[in-house]
Amino acid sequence: MAIRQLPPNLINRIAAGEVVERPASVVKELVENAIDAGASRIDVTVSGGGLQLIRVADDGAGMSAGDLDLAVERHATSKLKGEDLSHIMTLGFPGRSAAVHRAVARLRITSRARDAGEAFSIEVDGGRKAPLKPAARSTGTDVEVRDLFYATPARLKFMKTERAETTAITDAVKRLAMAHSEIAFSLSNGERTTLRLEASPPGLLDHGLARLGRILGAEFVDDALPVSATRGTVRVEGYAGLPTLHRPNGLSIYLVVNGRPVRDRLIAGTVRAAYGDLVPRGRYPMVALFVDMPPEEVDVNVHPAKTELRFRDANGMRSLLIGAVREALGEAGHRATGSLAHEPCSACARPNTSRPSRTPDRASIRAGRRPMPVRKESPTRRPVGRASMTRLRRRSEVSRRPRRTCAGPRRSREPTDAYPLGAARAQIQDTFIIAQTGDALVIVDQHAAHERLVYERLKTALDNGGVARQMLLIPDIVELAPEPSDSLLGAVDELERFGLVIESFGPQALAVREVPALLGACDTRTLLTDLAGLLMEAEDGSGAEVLRDRLDHVLSTMACHGSVRAGRRLSPEEMNALLRDMEKTPFSGQCNHGRPTYVELKLTDIEKLFQRR
């Protein structure tokens, strides 16, 4: 097959396929160009999910007639001052944006440069450029993209619903607005404004949180922890949400590098690793982090859409982010998000509308309509024998017996306002501790809370040279299948560091001679079974390597088996001791699996339930 030179219009369509994936890509490019132009306000209007109309208006520097005529040509740009591609400080694509847009849509640009006497407009329809025309406009630029992908019907068939495309556009605008809080943004669908963000004064940690609240929600403002760290020429600052504030996907992780919003896998994975077991599996934290670094230390040309980055010192960046986020989470102590109590309170306050009211309304009475009488069904009478009477008498006696569902101190010497988690007042179902503070009621899951306490103690002991062990008076003999038994025996030395001493006892049995002192009396069979399953999940089968790589998982498994179980009756002293330990232990607001350990119900919320407010 002979090789031929492609025509310019087809080249532009191929380039458009790399850059313009969906309407949100067009919005992103146009807004980035407005930011590069020094705009202080950017207004975005979309219709039909962006497929019918995209309009981006700004009050930036604008373009002269000559620049406007050249702007729609391929490989024409104002973004590069020289030929150095390693020092890019602008956001938009150098010389590709307008050219690829004109190849797949109907494009119109109206612009007026600063100190210019008049504005000019240019139209491009499917690659055919019309002459410049005078227009009326103040300083700035308007870009209209109509009938996107009409020139490439194959791409148009793969677009999602209008709602999905609009959601993607909103997300793109929010990320750019978060990265540039000094610029006012608005997003409209032509009929109403769906997003309006006013410009925020400089200073992220001072004024930026209010702006972030408009994007991430009010609950993020209440549960955001400031993050700030510097290493060499790299600085990271922003906010990290409490571990108990999480979402089902990673869209709540907002990352900005040198003013460029990105979705880099390295940074996103690093943020998730910084939270570790503080967030449940399959959930993602809410984070807004801003990284400033020399442009030569990062490559922004890895992906055509510039959403991925490559760092020169990837390990250093990973270490800086993990350390900064971990430090912020550690300073939060036992604090948990207050939104945990909002949902149950709202559910209790919500009226029950499942059953229709049988009371006639006043309108029906005035109209002369009488309500239909409700006929009460009478149960069929059956002769009751002597055996049936005996069963009924026994049920009546059982129903009159008092149930021991709530226990605890009637009078506690602990003052309610002396500690953050208050004083224990009762224990419900031998599982939940009820504590009282000066202005709230605290409900603690005793197993989840103690599990975190034991876990943190095991980690501290391991860092200090090893976990203290206690010898069993009579070794526990645990029978396992050959595969789990071999996995455990292959990691004997590492398990001994964790305080668990085992040895072979026959073909398919293990003898447990020592256990970690912090665990006390535990179910050794279940513990060994869980640890064996953890070791067998690895593909290489190297027990020592697995244990070193999965240290937190091993300690978490041990802590779970050595914690106070649900169903155990606690004395008032034990309950208050648990509360005091929670206040002194970091990350005690959630257990090893990421679930909350306590919920705080404010007195004002309780009063609202009873309509006292």
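Summary table below
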read-out	value
Efficiency of FRET from Cβ geometry, ALA2 and ARG128, R₀ 25 Å, rounded to 0.05	0.30
ARG41 long-range amide H proximity, modeled H, under 5 Å	ASP59, ALA184
Modelled FRET efficiency - R0 35 Å, ASP69 with GLU182, Cβ distances, 0.05 increments	0.65
Amide proton proximity set for MET286, modelled H, under 5 Å, gap of 5+	GLY241
Listed peptides 64-73, 483-492 by packing density, highest first (mean Cβ within 10 Å)	483-492, 64-73
Label-point separation in nm, GLU327 to ARG595, each point 7 Å along Cα→Cβ	3.4 nm
Separation in nanometres of the label points that stand 7 Å from Cα toward Cβ, at SER228 and ARG281	3.8 nm
Unit charges on C-beta of K, R, D, E only; dipole of segment 204-332, Debye	440 debye
Hz values of 3J(HN,Hα) by residue in segment 274-287 - Karplus curve (6.51, -1.76, 1.60), Gly and Pro given as x	5, 6, x, 7, 6, 10, x, 5, x, 10, 10, x, 9, 9
In nm, spacing of pseudo-spin labels at LYS157 and LEU609 (7 Å Cα→C-beta vector)	5.7 nm
Other-chain or far-sequence residues with amide H under 5 Å of THR431's (modelled H)	GLY567
Two-site FRET efficiency, ALA481 against ASP430, from Cβ-Cβ distance with R₀ of 35 Å, rounded to 0.05	0.50
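Bear in mind these aren't lab numbers, they're just calculated from the coordinates by the rules spelled out. Just so we're clear, the structure is a prediction, and the values are computed from it rather than from any experiment. Methodologically, a virtual Cβ is constructed for each residue, glycine included, from the backbone with ideal geometry; neighbour enumeration extends over all protein chains shown.
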